[in-house]
Amino acid sequence: MKRLLVVHHSPTPSVAALTEAVLAGTRDEAITDVEVVVRGALEARAADVLEADGYLLGTPANFGYMSGALKHFFDTIFLEAGGALADDGAASAAGGGRKPYGLWVHGRYDTTGAVRSVQSIVQALPWTQAAAVLEVLGDVDDDATAAGYQLGGTLAALLSY
């Protein structure tokens, strides 16, 4: 059985609604043989990452950046999970395996910096973006929750084959 790790920071009703939609998609009845493991960003550990076959990440956009909780997750797991550093200590393109990941970000007015900050770190992990980033601005409506469901379902379905 494949394992999909969902790491999120969902401190507001809007982000929580997206998280629930993504999780519902991962558990679609048509998807089999995928175990979904859900961790808050402050609770997730490197062992969770190493045991997973794919990843879904969720965060609010805070002051043009990912949440501090998701940043803490990356700080905690980066090297043990295979993160690559350049000689100057900056994140470097990773080599090796390419496990799929997806990302959702909610912001009131802008998500650009939050998406960029996550992608700059993830590109140094042995992961590959497997779905378009779900960026939601303002209120979470039916279209946003449907897109969240689709993101969760897409990542889980990729692992089920």
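Of all residues in the stretch 136-161, those that are modelled with pLDDT under 95 and open to solvent by less than 10 Å² (accessible area, probe 1.4 Å) total 0. Does the stretch 127-135 contain at least one residue that is open to solvent by 40 Å² or more (accessible area, probe 1.4 Å), among the acidic types (Asp, Glu) and out of contact with any Ser or Thr (no Cβ under 7 Å at 6 or more places or on another chain)? No, the stretch 127-135 contains no residue that is open to solvent by 40 Å² or more (accessible area, probe 1.4 Å), among the acidic types (Asp, Glu) and out of contact with any Ser or Thr (no Cβ under 7 Å at 6 or more places or on another chain).
With respect to residue 44, determine if the residue is open to solvent by less than 60 Å² (accessible area, probe 1.4 Å), farther than 13 Å from residue 155 by Cβ and within 13 Å of the chain's Cα centre (by Cα). Taking the combined requirement at face value, the residue satisfies it.
Taken over the stretch 1-41, the criterion of being touching a Phe, Trp or Tyr at 6+ places or on another chain (Cβ under 7 Å) and not in a strand (DSSP E or B) is satisfied by 18, 21, 22, 24, 25, 41. All conditions but one from (1) farther than 16 Å from residue 59 by Cβ; (2) at pLDDT 95 or above; (3) not in a strand (DSSP E or B) apply to residue 113; the one that does not is (1). Answer yes or no as to whether residue 17 is hydrophobic (A, V, I, L, M, F, W, C) and either within 12 Å of residue 160 (Cβ to Cβ) or free of Cβ contacts under 8 Å to residues at least 60 places away in the same chain (or both). No, not satisfied.
The values are calculated or read from the model by the stated rules, or taken from the named source; none is laboratory data. Here the structure is a predicted model, which means the values were calculated and not measured. Positions of Cβ are backbone-derived with ideal geometry, glycine not excepted, and every protein chain shown enters the neighbour counts. The protein model used for the area step is the full one, side chains on, heavy atoms only, and it has no ligands, DNA or RNA in it. Shrake-Rupley method; radii C 1.70, N 1.55, O 1.52, S 1.80 Å.
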